[in-house]
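Presented below is the structure to which this report refers.
The values are calculated or read from the model by the stated rules, or taken from the named source; none is laboratory data. Everything numeric here is computed off the predicted structure, so don't read it as measured data. So basically every Cβ, Gly included, is an ideal-geometry build from the backbone, and we count neighbours across all protein chains shown. These area figures cover heavy atoms from the full protein model, side chains too; ligands, DNA and RNA do not enter into them. Shrake-Rupley method; radii C 1.70, N 1.55, O 1.52, S 1.80 Å.
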Amino acid sequence: MPDGRVAFVAYRRDFATSAPERVSVRVIAKIARAVSFNSGGKAQQSGVDDEWIMRNISFPFRIAPVEAKPEMLALEPESDPALPAGRYGVVINGIAYDFSVAGDVTDTAQCLERVAAANGTFYSPCRKP
């Protein structure tokens, strides 16, 4: 998308009988760095190539039927702010359809660092996206 002012028209045959109640756009963040620990417990940092993760940061969208087309829905943001540059997923009935907003990524929500520890995997925002 050329800018963050987005709206969508979604088409699925099952919308005619089971349209979703909610639709959101979620941030899909790039994992920039990873830290893991070797068998001696020493931390090892590495860069990560082309790994992404869907965040719990979302933007709610309104759903409206398209006149005379029961299998189509119009999706518009509930609030007016434009999405910052980065990658996103429109989540409809549990399925994500991804898209990108063009521009330089400056929002820290778009970048994560991953730490793989003995008690789980943890993510934190990058200091600089």
Here is a list of conditions, (1) open to solvent by 70 Å² or more (accessible area, probe 1.4 Å); (2) at pLDDT 90 or above; (3) among the hydrophobic types (A, V, I, L, M, F, W, C), and residue 37 meets all of them except one; can you say which number that is?
(2)
Of all the residues that make up the range 73-107, how many are surrounded by fewer than 18 Cβ atoms within 10 Å (Cβ to Cβ), of a type in the set (Gly, Ala, Ser) and in contact with a strand residue (DSSP E or B) (Cβ under 9 Å, 6 or more places away or on another chain)?
6
Please indicate, with yes or no, whether at least one residue in the range 75-95 is without any contact (Cβ under 8 Å) to a residue 24 or more places away in the chain, of a type in the set (D, E, K, R) and under 25 Å from residue 126 (Cβ atoms).
no
Kindly list, by first and then second residue, each pair from a residue in the range 1-20 that is free of Cβ contacts under 8 Å to residues at least 24 places away in the same chain to a residue that is open to solvent by less than 50 Å² (accessible area, probe 1.4 Å) and of a type in the set (S, T, N, Q), limited to pairs with Cβ atoms under 8 Å and residues at least 6 apart or on different chains.
none
Residues in the range 21-50 that are more than 18 Å from residue 122 (Cβ to Cβ) and either of a type in the set (Asp, Glu) or in contact (Cβ under 8 Å) with a residue 40 or more places away in the chain (or both): how many?
9
Given (1) surrounded by 12 or more Cβ atoms within 10 Å (Cβ to Cβ); (2) part of a strand (DSSP E or B), residue 56 misses just (1)
Only one residue in 105, 90 is under 16 Å from the mean Cα position of the chain (by Cα), at pLDDT 90 or above and in a loop (DSSP other than H, G, I, E, B), so which one is that?
105
Within the range 108-122, considering residues that are surrounded by fewer than 16 Cβ atoms within 10 Å (Cβ to Cβ) and assigned to a strand (DSSP E or B), the one farthest from the chain's Cα centre (by Cα)
117
Has the range 45-53 got at least one residue that is over 19 Å from residue 23 (Cβ atoms) and open to solvent by less than 50 Å² (accessible area, probe 1.4 Å)?
yes
If we scan the range 19-30, do we find a residue that is surrounded by fewer than 15 Cβ atoms within 10 Å (Cβ to Cβ) and either closer than 20 Å to residue 1 by Cα or in contact with a strand residue (DSSP E or B) (Cβ under 6 Å, 6 or more places away or on another chain) (or both)?
no
Which of the residues belonging to the range 59-72 are within 23 Å of residue 109 (Cα to Cα), open to solvent by 50 Å² or more (accessible area, probe 1.4 Å) and hydrophobic (A, V, I, L, M, F, W, C)?
59
